[in-house]
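The values are calculated or read from the model by the stated rules, or taken from the named source; none is laboratory data. These numbers come from a predicted model, not from an experiment. No Cβ is skipped: glycine too gets one built from the backbone with ideal geometry, and neighbour counts run over all protein chains shown. In case anyone asks, the SASA skips ligands and DNA or RNA and just uses the protein heavy atoms, side chains included. Shrake-Rupley method; radii C 1.70, N 1.55, O 1.52, S 1.80 Å.
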Amino acid sequence: MKIFLDTIGCRLNQAEIEAMARQFRAAGHEIVATAAQADLAVVNTCSVTAQAASDSRAAIRRAGRLGAGELIVTGCWSTLEPDKAALLPGVHRLVPNLQKDSLAADLLGLPQEYFDLEPLARQPLPGLHARTRAFIKVQDGCDNSCTFCITSVARGASRSRPLEAILADVRAALEGGTKELVLTGVQLGAWGGDFPTPLHLAGLVAALLERTEVARLRLSSLEPWNLDEDFFSLWKDERLCRHLHLPLQSGSAAVLKRMRRKTSTAEFAGLVESARSAIPEVAITTDIIVGFPGETEAEFAETVEFVRSMKFAGGHVFTFSARPGTPAARMKAQVRYEIRKERNAILRAALEESARAYQAGFIGRSLPVLWEASSRLTEAGWTLEGLTDNYLRVTAVAPQARWNHIDRVNLVSVDGNGMKGILSG
């Protein structure tokens, strides 16, 4: 059977379809690049924003329109709105989030243990979701109660995958030639807290560095309250990528309180200072929501000032999107949409300015780059695009396509959202 896997949204969703792909391949099936080629299509949906939900519906319609023989829908949007998902053309079956990990086994009528007998080496997905980096799911669900977030409703309580299961995924990725692993979860920093004998994410990271030969290990988004300054001592191992994504969401104390975030600006700034002291030249990136209910001009100004003071290496700005079923959707003083969009533009400009300043500090330096894309073959050669360990996006030209190779690159200029480089030697 030919199977197409599509996903919208976060790195965790990407990790999940990669796991499905390995399981389907283990059972003898082929993963294909488009729904038009497929006997079976699986769409892993997202609902973190209204736009993500819209994109999810569009992906389902596209798979049905292209003629996938059977269409299975899973993920956050279809879990939250199953009646609407079931009505979309071509949908044969809905799989709730809590049953997603056994989706392949259930569809094929196999025990889940079948896939643990002889794990196959990872192969990058064909088509648009091909990644050099392997995304490894280590945790799911969330125990936080942020008032804007629908994910904890869609994903349920925090639950951690066992260390040995994670190690099996890591070894399969390395056997397939993966150079960089990215650990993902809804609340990644909560890993191990739900075990009978609680553990901490630091123990998982240390075990992966000690028990595998991973070339580069990267952590995805981490809530700041799940970390302390001792955590940063792990970066003594240079294989751990110098990048921390710490969602702030607002630089206003009053807005943070309405969001029910478990941190203050002072605590956040202290954590960033500890990270920078322990990890030379670490890239700190963040997420900010603008236009949260009740956000005044003064509160927004506090956020802009705080963001500028943090000198982030980059980040994402989200225009507040009221998600039905969340406390924030019921709050009074909803900010007008046009004001939200104006604030988004202002804050994006501030983050872009600080990102360029961070990037400029590396002009004239030589850093290793993992190439994620090779394209535009010209007389000059292949145009390559990839990432340094500290999340600088670099483009360069090379005589060969160097996809999934790590090369040392001389960084020569800041260009758009990244940097231009010249291969050393």
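Remarks
- Rh by Kirkwood over Cα pairs, then Stokes-Einstein D for region 369-413 at 0.890 mPa s and 25 °C, µm²/s: 236
- Convex hull volume of region 1-149 per residue (C-alpha atoms, cubic angstrom): 114
- Normalised by 2.2 N^0.38 Å, with N the number of residues, the alpha-carbon radius of gyration of region 97-165 equals 1.37.
- A Cα-only calculation for region 150-217 places Rg and Dmax at 13.0, 37 Å.
- Residue order for TYR337, TYR358, TYR391 - accessible surface, 1.4 angstrom probe, largest first: TYR337, TYR391, TYR358
- Values of log10 I(q)/I(0), in the order q = 0.18 Å⁻¹, for region 72-118 under a Debye, Cα-only, solvent-free model: -0.57
- Taking all protein chains as they are arranged and a probe of 1.4 Å, the heavy atoms of MET1 leave approximately 90 Å² accessible to solvent.
- Low-density loop positions, GluC sites (Glu not before Pro), region 182-232 - DSSP coil, at most 14 other Cβ in 10 Å: GLU213
- In whole angstrom, the chain maps to an equivalent ellipsoid with semi-axes of 32, 29, 23, each derived as √(5λ) from the alpha carbon gyration tensor and ordered largest first.
- A Cα-only calculation for region 212-366 places Rg and Dmax at 16.7, 53 Å.
- Summary of the geometry: region 107-160 and region 254-289, compared by the centres of their Cα atoms, lie 27 Å apart.
- Calculated P(r) of region 300-425 - Cα pairs past 23 Å, %: 48
- Solvent exposure of TRP382, expressed as accessible area, is near 70 Å², computed with a probe of 1.4 Å over the protein chains only.
- The spread of Cα positions in region 256-298, taken along each principal axis and listed from longest to shortest, comes to 38, 17, 16 Å.
- Note on HIS316: accessible area approximately 100 square angstrom, rounded to 10, probe 1.4 Å, nucleic acids and ligands left out.
- Here the scattering of region 208-276 is modelled by Debye summation over its C-alpha atoms, one equal scatterer each and no solvent; at q = 0.18, 0.26 Å⁻¹ the log10 of I(q)/I(0) is -0.73, -1.19.
- Using R0 = 45 Å, the C-beta based FRET efficiency linking ALA86 and ALA266 works out to 0.40.
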